[in-house]
Amino acid sequence: MSMEWYRAYHGMPHDPKLQVVAKRSGQKMSAVVAVWLCVLDAASQHDPRGIFNIDPEEISVIQDIELEDVEAILKALKSKRMLDDEGVVTSWHKRQHSTSAERVRKHREAKKQDVTPCNTVKQSATASNGLKRKNGKNTTDTDTDSDTDTDSDTDTDKKQNKKRNRTRTEKRESEREKPKICGKDEKQILEQMLDIWNAEVQSKLTGSHNAILTPRRKEQMTICWLEDFQQDMRAWQYFCEVIAASDFCLGKIEGKSWTIDLSWATKSSEHVAKILEGGFSGGKHPKKPSTCEVPELVDGWNEVLQKLQHKYGKPSIRSWFGNTAITKVNNHHAGKIITLQCPKKFIRDWIEQHFLSDINRLWAEQNQQIITTELTIKEN
C-alpha cells in the first residue's frame, strides 16, 4: 500500500522561530511542536497542498492540549508569519513536493545520477572479461594499467562531485531569499534605525565612533523591522532606550567586560525579547506597557494588551501604550464606555487609527458589556 509523505526538517524540535512562538503564546515548546506537526500534516493532505484547514478543537482533542492553548499557539504562528491569515503555510512550496509523484520522480532521477564514470568503467571491464571467457582467448595482462586508470577516474570523480556539491551550496546561499521592505525606501529606514541606535546606544559605548551598516547587519535589522517591530520606528526607539538604560548592556557592571553591539541586539527575536523583558536591566525592568486605575478592569485590560502584543509585537505595544492608562468607566444605557488616557495628541491619534478597532473587539470578546473605548489626552 502506498503512503503519502511530507517533509519535516532538521532542527524542528528546537527551531528558534518555534521558540518565539512558545514565548508569545505562553506555551511549552513540546505543545508548540505538536501543534506545528498537526498544521504540516493537515496542509499536506489539503487539496491544493500547503493550506492549513483543520478545526483547532480537533488538534486539542488529538494532542490533549487545552483549546485556548491551541488557539494561542496558532495566533502566535500567524504573528511570526509561519502561517498567513488564509491558513497558507509560509514557504510550503519551497520545502515540499507538490505531489507524491513528483517526490518519486525526483528520487528516481537522483538514482540515475548516481551512475558515475567509475561505475561505467567497472561495468565495461566485467563485460570484457565475460567475452574473453567465451572466446577462450587470453589477451595481454593489463590489470596494472586498468587499476591505475580506475583509481584516477575515481579520484577525478570525487573531486568533480565535491566541486559540484560546493557549487550547489554556494548557489543556494546566493539565491536564498533576502528579506525586503516593501512600499518604502529600505535604505532610508535602515539609516534612520542606525541614527537612533547611534544616538541612544552607541554614543554611550564608544563616544563619537558610530556603528556602521554591514551587509549582515542590514539583513538582521530588516528582519527585526518586519517581524519584531512591525515597521514601527517608535517601537525601535523604545527598544534602543531600554538598552541605553541598562548598565549591564553598556558594560558598567563591575567584573563584567561584556558590552552590547548592534549585531547582537538584532541577531534574533529571542535577543529582542530578552532585552524588552528586562533580562539585562540589572533589576531595573522596563515599565509595564500600561496601567489601569479601575480595579475591576485590571485583569481584562492586561488580557487585551497581551493579545495586542501577540498580534503587533511587544516593542510596538510597549512603545505606544507605555504612558497610557485606563482612568475611568462610564455606564451607558447600551453598556460601558472605557476611557483610555494618552500623554500626547499624536499618540492618541496613532492608537485611534491603528489599534482602537482591535481594542474594542477584544473588550467585546470578554463579554463585559463594554461598547467602546474613548481616547483622551492627559492635561498638563
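The values are calculated or read from the model by the stated rules, or taken from the named source; none is laboratory data. The structure displayed is predicted, hence computed values, not measured ones. FYI the Cβ positions are ideal-geometry reconstructions off the backbone, even for glycines, and counts take in every protein chain you see. Accessible surface is based on the protein model in full, side chains and every heavy atom, while ligands, DNA and RNA are left aside. Shrake-Rupley method; radii C 1.70, N 1.55, O 1.52, S 1.80 Å.
Is there a residue being acidic (Asp, Glu), touching a residue at least 40 places away in the same chain (Cβ under 8 Å) and farther than 20 Å from GLN230 by Cα anywhere in the range 34-50?
First, the residues of the range 34-50 that are acidic (Asp, Glu): 41, 47.
When the remaining residues are screened for being touching a residue at least 40 places away in the same chain (Cβ under 8 Å), the result is none.
No, the range 34-50 contains no residue that is acidic (Asp, Glu), touching a residue at least 40 places away in the same chain (Cβ under 8 Å) and farther than 20 Å from GLN230 by Cα.
Considering only residues that are among the β-branched types (Val, Ile, Thr) and either touching a Pro at 6+ places or on another chain (Cβ under 6 Å) or open to solvent by 10 Å² or more (accessible area, probe 1.4 Å) (or both), look in the range 312-359 and name the one that is nearest to GLU277 (Cα to Cα).
Ranking the qualifying residues of the range 312-359, first place goes to ILE317.
Residues in the range 195-239 that are within 21 Å of the chain's Cα centre (by Cα), open to solvent by 60 Å² or more (accessible area, probe 1.4 Å) and touching a residue at least 12 places away in the same chain (Cβ under 8 Å): how many?
Of the residues in that region, 4 qualify.
Do any residues in the range 342-353 that are farther than 8 Å from ILE377 by Cβ and assigned to a helix (DSSP H, G or I) have Cβ atoms under 6 Å from those of residues that are of a type in the set (A, V, I, L, M) and open to solvent by less than 100 Å² (accessible area, probe 1.4 Å), where the two are at least six apart or on different chains, and which pairs are they?
Filtered contacts from the range 342-353: GLU352/LEU375.
Note down all Cβ pairs under 8 Å where the first residue falls in the range 76-87 and is surrounded by fewer than 17 Cβ atoms within 10 Å (Cβ to Cβ), the second is in a helix (DSSP H, G or I), and they're at least six residues apart or on different chains.
Pairs found: ARG81/GLU227; ASP84/LYS78; ASP85/LYS78.
Does LEU190 satisfy being at pLDDT 80 or above, open to solvent by less than 90 Å² (accessible area, probe 1.4 Å), over 23 Å from GLY251 (Cβ atoms) and not polar (S, T, N, Q)? Walk me through it before giving the result.
Details: at pLDDT 80 or above: yes; open to solvent by less than 90 Å² (accessible area, probe 1.4 Å): yes; over 23 Å from GLY251 (Cβ atoms): yes; not polar (S, T, N, Q): yes.
Here the answer is yes, as LEU190 does meet what is asked.
Can you pull out every residue in the range 184-219 that is assigned to a loop (DSSP other than H, G, I, E, B) and among the polar types (S, T, N, Q)? Spell out the reasoning first.
At the first step, the residues of the range 184-219 found to be assigned to a loop (DSSP other than H, G, I, E, B) are 184-185, 207-214.
Residues satisfying the conditions are SER208, ASN210, THR214.
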